[in-house]
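Please read the structure below before turning to the comments.
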Amino acid sequence: MGNMNEPFDPSKSPIGQSVRRREDRRFITGNANYTDDVVLQGQTFGVFLRSPHAHARIRSIDLAAAKAAPGVVDIITGAELADAKVGGLPCGWLIHSKDGTPMKEPAHPVLAQGKVRHVGDQVALIVAETLLQAKDAAELVVVDYEELPAVIDLSAADSTGTSVHDDVSDNTCYDWGHGDKAAVDAAFAKAAKVTKLSFVNNRLIPNAIEPRAANAAYNRSDESYTLYVANQNPHVERLLMCAFVLGLPESKVRVIAPDVGGGFGSKIFLYPEDVALVWASKRVGRPIKWTAERSESFLTDAHGRDHVSTAELAMDQDGNFLALRVKTIANMGAYLSTFASAVPTILYATLLAGQYKTPAIYAEVKAVFTNTAPVDAYRGAGRPEATYLVERIVEQAARDMKMDPAEIRKKNFITTFPYATPVGLTYDVGGYAAHLDKAMELADVKGFPARKAASAAKGKKRGLGYACYIEACGIAPSNIAGALGARAGLFEAGEVRVHPTGTVTVFTGSHSHGQGHETTFAQVVAARLGIPVGNVEIVHGDTGRVPFGMGTYGSRSLAVGGTAIVKAVDKVIAKGKKIAAHLLEAADSDIEFENGEFKVAGTDKKIAWGNVSLTAYVPHNFPLDKLEPGLNENAFYDPTNFTYPAGSYICEVEVDSDTGKVKIEQFVAVDDFGNIVNPMIVEGQVHGGIAQGLGQAMMEACAYDPESGQLVTGSYMDYAMPRAIDIPSFKIATTNTPCSHNPLGVKGCGEAGAIGSPPAYINALTDALGVVDLAMPATPERVWRAANGLPA
Amino acid sequence: MYAFEYQRPTSRDAAKSAAAGADTRYLAGGQSLIQAMRLRLSQSERLVDLGAIADLKAIKADGNGVTIGAMATHASVASNADVKRIAPAIAELAGGIGDPMVRNMGTIGGSIANADPAACYPAGVLAFNATIHTDRRTIAADDFFTGLWETALQPGELITAIAFPAAQKAAYVKYKQQASRFALIGVCVAQTAGGVRVGVTGAKGHAFRATEIENALAKSFTPEAAKAVKMPTTDINADLHGSAEYRAAMIGVIASRAVAAALAR
């Protein structure tokens, strides 16, 4: 592995080196600076009073006793915000229903206005001198609720008599369609064989290790605000809050996301707490600090997934896929979260081709409101749902056709690129048979029958399952996103500031909350400039320092953020060449730059990087008539396409029918991520993604009581997160086809593991048990019932 | 957590007088109580920490058995030479509770006084027919666990030690609930002087003896005999993690694995 402080070795580019992460030292030694570590002068503490009911009208709120409690500074409710004309939280993606009407956008208040709509819904913000005083005072607030029936069951949400929002009587946000219905219907009419499956993509709670936190301060000296917040995209947070909710100029608000302990999507969104704290900080005149307790995180972090679907695959008699028809109901929760509308539509239906040349696809998606926490993007965001559906139905189709599951896939693989799918995306490059073959080799598929027999001799069932996933990430071309309903662009920004003495600070709109950008981005810049990796500093997460970027999610940072940085670096090199040309008395066009040196082509006249950087800032001998001093460039990059990582996963399991416990005997993951900058970090992302996907498939289940709407799985006592002992050692490999449309040739790797692993696991388990379906999470009892022929 | 007064006496008598007075709790390892207090589900005006009372931690071989002080941590029980020699199933039971941090703090006295329906120790106490010694009397295992988080202890009564008779052919098998890692079903099987005893935790509101399995094992102390017993679903817990039908079925399965482990000694 490489070390940050090694000098640049021209024979060993930092690209492709497993450079140790510079972030790790501070994380492992307790020296990181998380939002909760921030304590400001005059600090007060905030506690949110939350609804104990899933659905209720608020008849009255009595604050008298609470306001008189020791240490209380102020208490804010929806009434104060309404008086101040504070707006509701916006949704960033407009989806239209099949009939052309725009999606319903009921109000999403910062603090409850007359009604609460899920357990945990914010009712009041209590601000006090100490956290304990705020908590004690919160218990003294008396809220008179009139309980209403709770809408919990997803499938029945549009037909129950109760409306979550008074202005959306059927609880339906939109009823969307995508693809070619007529072509699909025609194909089914002549199909030799149809495989049909119904699925639930189970609801998940994100559980980033750091709970959400924020500290908001109003600065009286210049009438500005500073918000520290555990967030993945500070500029987006600021824009949404300023333009749509608080009506503040962005130039007067600074959002800082310091070290953030994991996000997985849950920290993308503009949350009510962030806004309430910012608004209240001016009224109170002192900074207000809030850190969620884990129970609050369970209740109010945006949840993930939560689809109910049926799918049908039409084939000819040889197993060629003719058409795919999908119908999905997706849960939005009680309120539309920032990207919620796009997750089960644009990020889902567009991936239903999978790796296959299925010519006709049609998907209908109905999104509904329920009295549960808002649901939004969570690691994979739409692509795990699509992949689960496609890879489960393909595996079942193989069984129905009595074909080998690898063979039916190979028969239908896309083999020529670029390939325009019938659901809107054009895959630029790929090589699907390559990773499937490699996965089969690593998994020793040929030896499986013998292993299965050996398990049977011990009285155990054994199964093998495949998942060949593809995903679209590196989001996104802004014009395409806009045409599809996005209300924001999806470019990225990078600024490269060369200092006089030659070190470099890079300001990136990407945000690192576990991805290791401080290391990988430094590798990219160092390689391009021919300077030691340790001489490159990466700054992110502060709207006061970094140009406007859209932040980190959707596996976009290296592909989009990295490219913006590369373009800025290239501008620096171009200017450096002009400076060098002047110093070397040569024509600009005769200057080459390599390994940190500028030289006159065809000669050995050269000048080092450090000389050029110093000259830029001490321009005594400088072409001031033609060139400005300084060496500081920025670039904004809007990608021309998504990127398409893909791979083949194979899972092998052994089942103990007596208890239903499953042992994962092996898990093989072969991915195509394009070019790889830091193999160690990529492998770490794959490990984490697979663990998260296996968590969904094996044990994670977010459950609300169907009558009361209480969150039954409100803590780790009931919500099962995978531990190291549950997860096997993986066999990981890559077969890479570089991305065709960014200079680094990278595709992104952060979500792939969570996308490909659930179907691989359930395919293996259904194979072992000889059943058509097993619901996720496949708990021991579910497996036991299937293994012993008992009703589910 | 609500504010409270904290005392840490160094003798049993000092502990008793510190506890006299309303609204006081004894604090043992804190692995359940402190959690409940942090969630504001428990509140006491005064907490009397027993951790400084040295003679409550002692573990000693005692005639035909081993007596474990109420404040002995799970880690100390798991590693104690006398326990491993005289009642190895109890050492293994203690070694499977929670994780290393929990085992360094949690105590046997705290565990049985709390009587969580999924705690491990109650199954072991029942299977071994242990005797619970308090500052006032001795209580037989069969009389101790009376209901959901309920024991025979009177208000203010302090457990001082638990005496386990020796039992060689004994084992505890814990089938862990995937989220909490408490016992979904935990079964301790022991061949004692008085015959075979089977203690089950996780299945009902409190640990109990599976007399159906005891009777089957009395005839034939084999895994197959235990597995063949179909436990009724009456009073069996049902929740997200297992239906009553599943839990009932697992009692026999886990008991058979405990018998196999006991025979393998």
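Side notes on the structure shown:
- Whole-Hz Karplus values for segment A:158-166 come out as 7, 10, 6, x, 9, 9, 5, 10, 4 Hz, taken residue by residue from phi with 6.51 cos²θ - 1.76 cosθ + 1.60 and θ = phi - 60°; glycine and proline positions read x.
- D (Stokes-Einstein, µm²/s), Kirkwood Cα radius, segment B:169-263, 1.567 mPa s at 4 °C: 100
- By other beta-carbon atoms within 10 Å, ranking A:55, A:741 with the fewest at the front produces A:741, A:55.
- Remark on residue B:66: its backbone amide H falls under 5 Å from those of B:164, B:166, a criterion applied only to residues 5 or more positions apart or on other chains, H modelled at 1.01 Å from N.
- For residue A:734, residues with placed amide H under 5 Å, excluding near neighbours: A:671
- Loop trypsin sites (Lys or Arg not before Pro), segment B:3-103, which have at most 12 other Cβ atoms in a 10 Å radius of their Cβ (DSSP): B:40
- Net charge dipole, segment B:169-263: roughly 260 debye, given to the nearest 20, about the Cα centre with Cβ charges of +1 for Lys and Arg and -1 for Asp and Glu.
- Estimated from helical segments only, the mean residue ellipticity of the protein assembly as shown at 222 nm is -8000 deg cm²/dmol, where each DSSP H run of four or more residues counts as -39500 (n - 2.57).
- Kyte-Doolittle mean at least 0.5, axial Cα span of 18 Å or more - DSSP H helices of chain A: A:563-584, A:752-769
- Simple rule: put +1 on each Lys or Arg Cβ and -1 on each Asp or Glu Cβ in chain A, find the dipole, and look at A:536, A:163, A:459; the Cα lying farthest toward the positive end is A:459.
- Within segment A:482-588, the GluC sites (Glu not before Pro) that combine a DSSP coil assignment with at most 13 other C-beta atoms in a 10 angstrom radius are A:585.
- Rounded to the nearest 20, the Cβ-based charge dipole of segment A:359-453 about its Cα centre (Lys and Arg +1, Asp and Glu -1) stands at 280 debye.
- For segment A:440-469 versus segment A:588-643, the inter-centroid distance based on Cα atoms is 58 Å.
- Evaluated with a Cβ-only charge set (Lys, Arg +1; Asp, Glu -1), chain A carries a dipole of roughly 1000 debye about its Cα centre, given to the nearest 20.
- Size of segment A:491-637 as Cα extents on the principal axes (Å, biggest first): 47, 28, 23
- Cβ-based charge dipole, segment A:491-637, positive-most Cα from A:500, A:552, A:616: A:552
- Aspartates and glutamates whose Cα lies under 12 Å from that of residue A:438, excluding same-chain neighbours fewer than 8 positions away: A:671, A:672
- Inter-centroid distance (Cα atoms) of segment B:78-136 relative to segment A:129-202, Å: 47
- Solvent-free Debye calculation, one equal scatterer per alpha-carbon of the protein assembly as shown: log10 I(q)/I(0) at 0.09 Å⁻¹ equals -1.14.
- The ranking of A:649, A:644 by Cβ neighbour count inside 10 Å, starting from the fewest, reads A:644, A:649.
Only the coordinates and a few stated rules stand behind these numbers; no lab work does. On a predicted model such as this, the values are computed, not experimentally measured, just so you know. So basically every Cβ, Gly included, is an ideal-geometry build from the backbone, and we count neighbours across all protein chains shown.
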